[in-house]
Amino acid sequence: QVQLVESGGGLVQPGGSLRLSCAVSRNIWNLYVMGWYRQAPGKQRERVAIIASDSSTNYADSVKGRFTISRDNAKNTVYLQMNSLKSEDTAVYYCNRAPPLSAYWGQGTQVTVSS
């Protein structure tokens, strides 16, 4: 059974940075594209960034130039470096494969951008 555990969220001021981590319970790098998603209060969950096994990436327009997704194959971990954070980045952030599977959704990690 695959489990994905997100961590690294918190409260940060506008313009600040955070790095999120997603630990995967078993090695699925060669099988799936991995992604970060987020859901803000009252809004639908949206895809933020994805990374393939060859480390090619794709980002939502709203985070391009500010967020960077990466992966560490040795640690079975996917990261999301978030810089120049804005209030509109406030959401619960999740990792999952791309496209996502319902069985893989974890608890997520809360990111709050506020002064």
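Scanning region 1-55 for residues that are of a type in the set (Lys, Arg) and open to solvent by 70 Å² or more (accessible area, probe 1.4 Å) turns up ARG19, ARG26, LYS43, ARG45, ARG47.
In region 1-27, which residues are aliphatic (A, V, I, L, M) and more than 22 Å from SER102 (Cα to Cα)?
Step one: list which residues in region 1-27 are aliphatic (A, V, I, L, M), which gives 2, 4-5, 11-12, 18, 20, 23-24.
Selection gives LEU11, VAL12, LEU18.
Condition (residue is among the aromatic types (Phe, Trp, Tyr) and at pLDDT below 95) applied to region 60-73: is it met by at least one residue? Within region 60-73, none of the residues are among the aromatic types (Phe, Trp, Tyr) and at pLDDT below 95.
Taking the condition of being closer than 18 Å to GLN13 by Cβ and not in a strand (DSSP E or B), how many residues in region 75-84 meet it? Even if it seems obvious, please write down each step before you answer.
Within region 75-84, the subset closer than 18 Å to GLN13 by Cβ is 81-84.
Those left that are additionally not in a strand (DSSP E or B): 83-84.
Number of matching residues: 2.
Of all residues in region 43-69, those satisfying the criterion of being of a type in the set (Gly, Ala, Ser) and either assigned to a strand (DSSP E or B) or within 20 Å of LYS86 (Cβ to Cβ) (or both) are ALA49, ALA60, SER62, GLY65. Out of region 85-105, which residues are open to solvent by 60 Å² or more (accessible area, probe 1.4 Å), assigned to a loop (DSSP other than H, G, I, E, B) and out of contact with any Phe, Trp or Tyr (no Cβ under 8 Å at 6 or more places or on another chain)? Residues satisfying the conditions are LYS86, PRO99, LEU101.
The values are calculated or read from the model by the stated rules, or taken from the named source; none is laboratory data. The shown structure was predicted, so the numbers you read here are calculated from the model rather than taken from an experiment. Glycine gets a Cβ as well: all are built from the backbone with ideal geometry, and neighbour counts include every protein chain shown. Ligands, DNA and RNA are excluded from the accessible area calculation, which covers all protein heavy atoms including side chains. Shrake-Rupley method; radii C 1.70, N 1.55, O 1.52, S 1.80 Å.
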